[in-house]
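What follows is calculated from the coordinates using simple rules that are stated; it is not laboratory data. Worth saying up front: this structure is predicted, and the values here are computed from it rather than measured. A quick note on method: Cβ atoms are made from the backbone with ideal geometry, for glycine too, and the neighbour counts reach across all protein chains shown.
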Amino acid sequence: MDRRQLLKQSAFAAAAFAFSRDAFSREAEKFIVTNGGFADIIKLSSNENPHGPSPMARKAMMDAVNGSNRYPWEVTTKLRERIASQFSLTKEHVVIGAGSSELLGVVCLMAALQKGNAVAPDPTFRLWMPAARKTGLPIKLVPLTPGKVTDLQKMKEAIDANTKLVYICNPANPTGTIIPAAEVESFIKEIAPKAIILLDEAYTEFSDEPSMAKWVNDYPNLIVAKTFSKIYGMAGARAGFALAHPQTVKQLNDLQPWSNAGASAVTLAGALASLDDKPFTTFCKQENQKARSIFYAALEKAGMPYIPSHTSFVYFDSTPYGKDVRQLLESKQIIGARTFEEGTKWLRLSVGTVDEMKKVANSLAG
Ligand SMILES: Cc1ncc(COP(=O)(O)O)c(C=O)c1O
């Protein structure tokens, strides 16, 4: 695919995304429309992998197109087995969804059926919250620590006899902070006997901390959600999975419209191949670190404090800059800086390629 086609494709993808999501996305659409749909924009809004899908995933997806007339049961099973082996579990521990957000929704539904409340940090990844509230699961939001880290102690204090779900995103979105494995482990040990813990590990592969999936056999209330959208670069293909005790997996499967059947044959083939493309994920992690460092240096030069990130995005305070960073970047066709905390000028920007982050740096310096 040439660059023009790629831009066209990403412009269409961005436009489709804009149609269904939030105000920010409508901003993205505005850019695309005003540039005739072929804009040379740098899109740093949704923490997508700027390099993916992996070469092996691309080939597998293209090959799988011809078999799309058949239901993909075989590849679904293979993918569940392949994921399971990566975490020393069995396929009975794995639920597949069309993106991890499908599974976050299913977990909310499971918790809502138990009638109670949920506890979550604030700010955090909120996509699942409207559905949770509408299905009768009020959410207690717990502010982050002054250092903008998920406050596990305050979360424990917020949990009451009616708490059915505790959501933790680690590493955290939008701040990029991480709670060390040992602390998450002791939280799981204390809380999992009382309520479902939904541990969203969308960005773990960018960090050096391990997954908590090894605990799912000990704690049926622990559900670890993971995605092919980030390090594997398949956000548009839509595949994610959750790891849980087989008995919990059965409950989740019962709440899916068709268990493990949300992702297409093409997507599943890509997901399966991407798990074997280790050089690609290693490359993505390294490139993310290089590009992130370029952005850190630019923020330091511009006098803007930031939180060292364990993810593919950076959270920074644009207050000292004086100018409106979002507007400035948008004027250079760089979209995606946005706030998650009303009344502050903290912004999150996804980390793009090294070249893209150099353009961000030049824009901030200019
Ligand atoms: C923390 C977190 N969880 C889940 C998701 C959703 O991922 P998916 O594309 O697998 O639905 C995202 C996407 O940005 C995310 O940031």
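Some notes on this structure:
- Counted charge near Cys169, where neighbours are those whose Cβ lies closer than 15 Å (Asp, Glu -1; Lys, Arg +1): -2
- Estimated from the Cβ-Cβ distance and a Förster radius of 45 angstrom, the FRET efficiency linking Glu183 and Asn66 is about 0.40.
- Kyte-Doolittle at least -1.0, axis length at least 27 Å by Cα - qualifying DSSP helices, the chain: 278-301
- A Förster radius of 25 Å combined with the Cβ-Cβ distance from Asn362 to Gln289 puts the calculated FRET efficiency at roughly 0.80.
- Contact order relative to length of the chain, as percent, for alpha carbon pairs under 8 angstrom and 6 or more apart: 23
- Calculated FRET value between Lys140 and Lys59, using beta carbons and R₀ = 45 Å, to 0.05: 0.45
- Additional length obtainable on full extension of the chain from Gln327 to Gln153, 0.36 nm per residue less Cα span: 58.9 nm
- Amide H contacts under 5 Å for Cys169: Asp200, restricted to partners 5 or more places along the chain or on a different chain, H placed in the peptide plane at 1.01 Å from N.
- Tensor-based shape of the chain (alpha-carbon gyration tensor, a/c under 1.5 rounded, otherwise prolate or oblate): oblate
- Calculated from backbone phi, Karplus (6.51, -1.76, 1.60) coupling profile of segment 217-230 in Hz, x at Gly/Pro: 6, 7, 10, x, 7, 8, 10, 9, 9, 9, 9, 8, 7, 9
- Centre separation in Å (Cα based) which lies between segment 218-235 and segment 296-327: 28
- Around the amide H of Asp151, modelled in the peptide plane, lie the amide H atoms of Thr145, all under 5 Å away and 5 or more residues distant in sequence or on another chain.
- Protection proxy ranking, peptides 281-292, 200-211, 346-357, 129-140, average beta carbon neighbours within 10 Å, highest first: 346-357, 200-211, 281-292, 129-140
- Taking other residues whose beta carbon is less than 11 angstrom from the beta carbon of Ile178, and scoring Lys, Arg as +1 and Asp, Glu as -1, yields -4.
- Sorted by Cβ neighbour density within 10 Å, fewest at the top, the residues Trp258, Trp215: Trp258, Trp215
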